[in-house]
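In what follows, a single structure is set out as structure tokens and then discussed.
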Amino acid sequence: MKKIKLTELLIFIVSAELAGALSGLIAGNFSGFYQTLIKPPLSPPSWIFPIVWSILYALMGISAFLIYSADSPDKNKKIPYLIYTAQLFVNFMWSIIFFRFKLLSASVAVIILLIILIVAMIVSFHKIRPAAAYINIPYLLWVAFAAYLNIGIAVLN
């Protein structure tokens, strides 16, 4: 295994965090819109979301770094990187579709696609470095919960 290089690890974490921050910036006032919605049971307060997402984006960055630093030929990492990038892009778009454009039903389709991509990412990461896969399980569980909220909000509103 390669020696952990702090700079490279930070680049992966910061880039994932920036994707989330930029999405939030483009999405606009998520808290105000969220407050106006009829929400399903178990809906958390809006202040929870930025905290959870900050942790999850950091975990995504760490997991991508684990793939980067794995003792595996680079050709084996191409598909996992592609899936990682695709899920990060779909994640980025979900907030904009839901909060900026208020397309609640469309955002359900996007979050279902996101779940599929997260599962594919976990499977592809597991083949290279199991720890990189396991670190994304909280992300998968949170997005599954977010899908429940998204579907409930779309139905109730």
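Assorted remarks:
- Centre separation in Å (Cα based) which lies between the stretch 100-157 and the stretch 57-89: 17 Å
- Take every Cα pair under 8 Å whose residues are at least 6 apart in sequence, average their separation, divide by the length of the chain, and the relative contact order is 32 percent.
- Point-charge dipole on Cβ atoms (K/R +1, D/E -1) for the chain, about Cα centre, debye to 20: 240 debye
- Length-normalised contact order for the stretch 87-154 - Cα pairs under 8 Å, 6+ apart - percent: 34 percent
- If the segment from LYS78 to SER31 were pulled out straight at 0.36 nm per residue, it would be longer than the present Cα-Cα gap by 13.2 nm.
- Estimated FRET transfer efficiency (LEU156, THR85; beta-carbon r; R0 25 Å; 0.05): 0.15
- Expressed per residue, the C-alpha convex hull volume of the stretch 26-66 stands at 89 Å³.
- Net length gained if the chain between PHE101 and LYS39 were fully extended (0.36 nm per residue, minus Cα distance): 20.5 nm
- Sorting TYR84, TYR148 from the fewest to the most surrounding beta carbons within 10 angstrom yields TYR148, TYR84.
- In this label model, LEU6 and ALA21 are separated by 2.0 nm, measuring between points 7 Å along each Cα→Cβ vector.
We did not get these values from a lab; they are worked out from the coordinates using the rules stated. If you're wondering where the values come from, they're calculated on a predicted model, not measured in any experiment. Here Cβ is always computed from backbone atoms with ideal geometry, including for glycine, and neighbour counts include all displayed protein chains.
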